[in-house]
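Asks: Here you go, one structure.
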């Protein structure tokens with residue numbers, strides 16, 4: 001199948017837009033690669049420090065003939081998704097020893113859980129943690145003793161931060177190793193129902209806690225299709241995972257085999273192996289287009305619209321919001337995974353998963369096959385499925401049909417002809433909406449505004465019974481420069497209750513919602529943010545706002561808003577507490593959300 005004209009046009013546009021930046025980037029990477037394995041440039045004293053604790057591996061390291069693998073790990077046992085990484089370094093060292101290589105833990109990076117910080121002050125550090133992760137990984141890799149790297153990370157800001165680091169050290173080959181999703185627990189729709197019942201006082205905290213614990217119950221990623229699982233999808237579509245690695249549960253024989261295979265693969269990709277493939281060659285313009293196509297086809301996380309431009313810049317590629325908009329119009333929505341449906345990622349994987357979807361999109365001309373990946377040249381490697389057969393690890397041909405078309409459909413018969421994310425633009429600025437879970441009759445909301453400067457005030461107004469008519473809830477001064485752009489996902493049960501009462505409700509904010517944003521239409525990431533001249537700062541209660549996901553518009557219809565004095569927020573409380581003091585330099589220097597809200601790129 002020839003390449004879809006829109007895919008081709010967007011790709012060429014990105015190539016042209018990126019030409020100067022990408023050329024400079026690749027020149028730097030080529031010069032770094034020409035110096036050969038990094039350890040050759042260390043003094044004997046440098047090397048002695050690096051190898052002092054390596055025991056029997058010292059001789060191999062000194063000889064410089066065996067590849068040395070750097071492990072960047074985001075392990076902690078507070079995140080269920082990262083808890084399995086505890087034993088990965090030992091497993092990776094044992095795996096590479098079988099092929100005559102060595103491995104060292106190069107460094108650890110922070111990994112916070114947005115599920116723990118939702119609605120809490122700590123969420124104001126969440127987005128900035130991406131840049132901290134990139135910096136921390138850079139510190140680890142700066143020791144210059146590694147011929148290749150593996151990156152252990154899964155969740156929301158961790159994978160984007162690690163990609164920024166991997167791109168910065170793009171002359172070093174790298175493989176991303178996931179840990180997989182937890183097994184299915186309480187269905188996500190049942191959990192959401194209990195949350196709404198708690199918001200209205202129908203059930204108490206004991207019932208709510210029971211439901212939450214039954215949903216989040218073991219090691220692995222949360223099973224809904226939010227940012228963490230969207231990250232895993234992205235790594236396959238961009239060729240940085242082993243094929244089929246994303247959604248295999250922790251602690252299973254296949255999960256163990258995939259981890260071993262990834263470690264061995266990373267060794268083979270080094271300049272001391274037979275297939276030198278630096279990350280800079282994997283992370284090209286076509287890879288990022290493939291990633292955006294996967295995002296649209298799966299109805300993935302809104303957060304990746306922030307992360308992908310920042311990730312791309314680290315590899316010398318300029319991705320713009322117009323690219324997301326055009327790709328969304330060309331790529332069909334093929335999956336329904338909660339909150340876009342009742343299934344979780346385990347059900348999606350069982351129905352055919354990413355192997356089936358990638359095969360369908362390749363056949364439809366909606367993906368670039370001619371890309372380099374850690375599995376070899378060609379994205380078609382990712383239509384294969386891993387298996388353990390007769391005690392050995394193998395790949396077999398992936399599924400050609402969906403096992404459940406209520407969850408996963410062919411590209412020729414999708415759930416909807418366009419992707420799951422929609423760009424919005426109007427006099428209120430530029431925003432976006434995850435429409436895959438929003439009923440078509442709610443794509444257009446026109447109603448009076450209720451304006452708030454924080455999410456807690458919205459909940460208080462709800463408890464006082466103040467929402468009795470159709471309403472556009474405006475929550476402003478939530479942008480990256482104001483307070484770090486926290487997710488406002490804890491508003492979802494409140495707004496869903498109003499919607500279920502028959503009201504037309506929408507959210508408009510310069511903050512974020514969860515990557516699992518659900519059935520309430522939410523215009524998010526609005527830029528310019530209110531603090532930096534956005535019209536949201538001039539909106540008042542009663543102004544008529546129209547959110548139109550069909551036409552892609554976001555406007556205040558009341559006349560004279562532009563001539564008003566902008567509201568002046570009191571942000572003094574955002575400057576301290578729970579570590580916020582440490583991040584003033586980030587708030588002062590962060591870029592706009594339209595460019596990825598980056599600090600280090």
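Asks: Restricting the search to the stretch 151-185, which residues are surrounded by fewer than 24 Cβ atoms within 10 Å (Cβ to Cβ) and at pLDDT 95 or above?
Replies: 168, 171
Asks: Confirm whether residue 524 is assigned to a strand (DSSP E or B), at pLDDT 90 or above, under 27 Å from residue 342 (Cα atoms) and under 20 Å from the mean Cα position of the chain (by Cα).
Replies: Considered against the rule, which asks whether it is assigned to a strand (DSSP E or B), at pLDDT 90 or above, under 27 Å from residue 342 (Cα atoms) and under 20 Å from the mean Cα position of the chain (by Cα), residue 524 comes out as yes.
Asks: Regarding the stretch 392-404, can at least one residue be identified that is in a strand (DSSP E or B), over 26 Å from the mean Cα position of the chain (by Cα) and touching a residue at least 24 places away in the same chain (Cβ under 8 Å)?
Replies: yes
Asks: Scan the stretch 377-391 for residues that are part of a strand (DSSP E or B) and surrounded by 13 or more Cβ atoms within 10 Å (Cβ to Cβ) and jot them down.
Replies: Passing the criteria: 377, 384, 385, 386, 387, 388.
Asks: Please pick out the residue among 282, 289, 267 that is surrounded by 23 or more Cβ atoms within 10 Å (Cβ to Cβ) and more than 21 Å from the chain's Cα centre (by Cα).
Replies: 267
Asks: Taking the condition of being more than 28 Å from the chain's Cα centre (by Cα), in a loop (DSSP other than H, G, I, E, B) and surrounded by 18 or more Cβ atoms within 10 Å (Cβ to Cβ), how many residues in the stretch 417-473 meet it?
Replies: 1
Asks: Given the criteria within 15 Å of residue 180 (Cβ to Cβ), over 16 Å from the mean Cα position of the chain (by Cα) and assigned to a loop (DSSP other than H, G, I, E, B), does residue 244 qualify?
Replies: Taking the combined requirement at face value, the residue satisfies it.
Asks: One residue is enough: does the stretch 304-314 have a residue meeting the conditions closer than 30 Å to residue 24 by Cβ, part of a loop (DSSP other than H, G, I, E, B) and either touching a residue at least 60 places away in the same chain (Cβ under 8 Å) or assigned by TED's automatic domain parsing to the domain that holds residue 514 (or both)?
Replies: yes
Asks: What number goes with the only condition from (1) touching a strand residue (DSSP E or B) at 6+ places or on another chain (Cβ under 9 Å); (2) touching a residue at least 40 places away in the same chain (Cβ under 8 Å); (3) farther than 30 Å from residue 138 by Cα that residue 487 does not pass?
Replies: (3)
Asks: Taking the residues in the stretch 129-146 that are at pLDDT 95 or above and touching a helix residue (DSSP H, G or I) at 6+ places or on another chain (Cβ under 6 Å) as candidates, determine which candidate is surrounded by the fewest Cβ atoms within 10 Å (Cβ to Cβ).
Replies: The residue in question is 138.
Asks: A follow-up question, please. Which condition number does residue 580 fail, the rest of (1) surrounded by 13 or more Cβ atoms within 10 Å (Cβ to Cβ); (2) over 18 Å from residue 485 (Cα atoms) being met?
Replies: Of the numbered conditions (1) surrounded by 13 or more Cβ atoms within 10 Å (Cβ to Cβ); (2) over 18 Å from residue 485 (Cα atoms), the odd one out for residue 580 is (2).
Asks: Related question: Can you name the residue in the stretch 195-204 that is modelled with pLDDT under 85 and in a helix (DSSP H, G or I) and, of all such residues, is surrounded by the most Cβ atoms within 10 Å (Cβ to Cβ)?
Replies: 199
Asks: Quick one: count up the residues across the stretch 315-338 that are touching a strand residue (DSSP E or B) at 6+ places or on another chain (Cβ under 9 Å) and outside any helix (DSSP H, G or I).
Replies: Total satisfying the criteria: 6.
Asks: Restricting to the stretch 247-268, and then to whatever is touching a helix residue (DSSP H, G or I) at 6+ places or on another chain (Cβ under 9 Å) and not in a helix (DSSP H, G or I), can you tell me which residue is nearest to residue 94 (Cα to Cα)?
Replies: Taking the candidates together, the pick is 251.
Asks: Among residues belonging to the stretch 59-78 that are crowded, with 24+ Cβ neighbours inside 10 Å and at pLDDT below 95, point out the one that is farthest from the chain's Cα centre (by Cα).
Replies: 67
Asks: So, in the stretch 47-87, how many residues would count as being closer than 19 Å to residue 173 by Cα and touching a helix residue (DSSP H, G or I) at 6+ places or on another chain (Cβ under 8 Å)?
Replies: 11
Asks: Among the residues of the stretch 148-159, is any assigned to a loop (DSSP other than H, G, I, E, B), closer than 20 Å to residue 585 by Cα and in contact with a helix residue (DSSP H, G or I) (Cβ under 7 Å, 6 or more places away or on another chain)?
Replies: The answer is yes; a qualifying residue exists.
Asks: Can you confirm whether the stretch 3-22 contains a residue that is touching a helix residue (DSSP H, G or I) at 6+ places or on another chain (Cβ under 7 Å), over 26 Å from residue 325 (Cα atoms) and either free of Cβ contacts under 8 Å to residues at least 40 places away in the same chain or assigned to a loop (DSSP other than H, G, I, E, B) (or both)?
Replies: no
Asks: Would you check which residues across the stretch 444-455 are farther than 14 Å from residue 540 by Cβ and touching a helix residue (DSSP H, G or I) at 6+ places or on another chain (Cβ under 9 Å) and list them?
Replies: 454, 455
Asks: Scanning the stretch 496-521 for residues that are out of contact with any strand residue (DSSP E or B) (no Cβ under 8 Å at 6 or more places or on another chain) and part of a helix (DSSP H, G or I), which turns out nearest to residue 198 (Cα to Cα)?
Replies: The residue in question is 497.
The values are calculated or read from the model by the stated rules, or taken from the named source; none is laboratory data. Worth saying up front: this structure is predicted, and the values here are computed from it rather than measured. Reconstructed Cβ throughout: ideal geometry from the backbone, glycine too, with neighbour counts over all protein chains shown.
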